[in-house]
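The values are calculated or read from the model by the stated rules, or taken from the named source; none is laboratory data. These numbers come from a predicted model, not from an experiment. Quick reminder, even Gly has a Cβ in these numbers, built from the backbone with ideal geometry, and neighbours come from all protein chains shown.
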Amino acid sequence: MLKSKYKAFEIQDDKVSETVMDGNLIAIADFIKNCKEGSIITIHTLDGKPFLIGMSKLFLYCEDNEFLNNQLIPYLRGM
């Protein structure tokens, strides 16, 4: 189940960008889509619990695999 807000980080080389985003499919997909190729992506709840960790479009961990496999990945493929 998605939370209402998340902290999202894009890490590339020695640069880290942070943003707070809404906890919905479109906001999460837009963040991932706008990350540069090869960057590390982490999305956390506001209290710091990891929700999604990946590198570019390769996802290594997601707290909600049903959301990842049934919603996020198909949505990203359709973009």
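For the range 20-34, the candidate set comprises residues that are surrounded by 12 or more Cβ atoms within 10 Å (Cβ to Cβ) and touching a helix residue (DSSP H, G or I) at 6+ places or on another chain (Cβ under 8 Å); within that set, the residue that is nearest to Lys57 (Cα to Cα) is Ile32.
Would you say Ile11 is at pLDDT 95 or above, assigned to a strand (DSSP E or B), surrounded by 16 or more Cβ atoms within 10 Å (Cβ to Cβ) and out of contact with any Asp or Glu (no Cβ under 6 Å at 6 or more places or on another chain)?
Spelling it out, it is not the case that Ile11 is at pLDDT 95 or above, assigned to a strand (DSSP E or B), surrounded by 16 or more Cβ atoms within 10 Å (Cβ to Cβ) and out of contact with any Asp or Glu (no Cβ under 6 Å at 6 or more places or on another chain).
Only one of the listed residues (Lys5, Lys57, Lys49) is surrounded by 12 or more Cβ atoms within 10 Å (Cβ to Cβ), out of contact with any strand residue (DSSP E or B) (no Cβ under 7 Å at 6 or more places or on another chain) and not acidic (Asp, Glu). That residue is Lys57.
What are the residue pairs meeting all of these: first residue in the range 21-45, first residue among the basic types (Lys, Arg), second residue part of a helix (DSSP H, G or I), Cβ atoms under 8 Å, and 6 or more apart or on different chains? Hits for this filter: Lys33/Leu76. The residue that is farthest from Ile11 (Cα to Cα), counting only those in the range 22-79 that are among the small types (Gly, Ala, Ser) and in a loop (DSSP other than H, G, I, E, B), is Gly23. In this entry, Leu46 is excluded by the filter for residues that are modelled with pLDDT of 95 or more and either within 10 Å of the chain's Cα centre (by Cα) or of a type in the set (S, T, N, Q) (or both).
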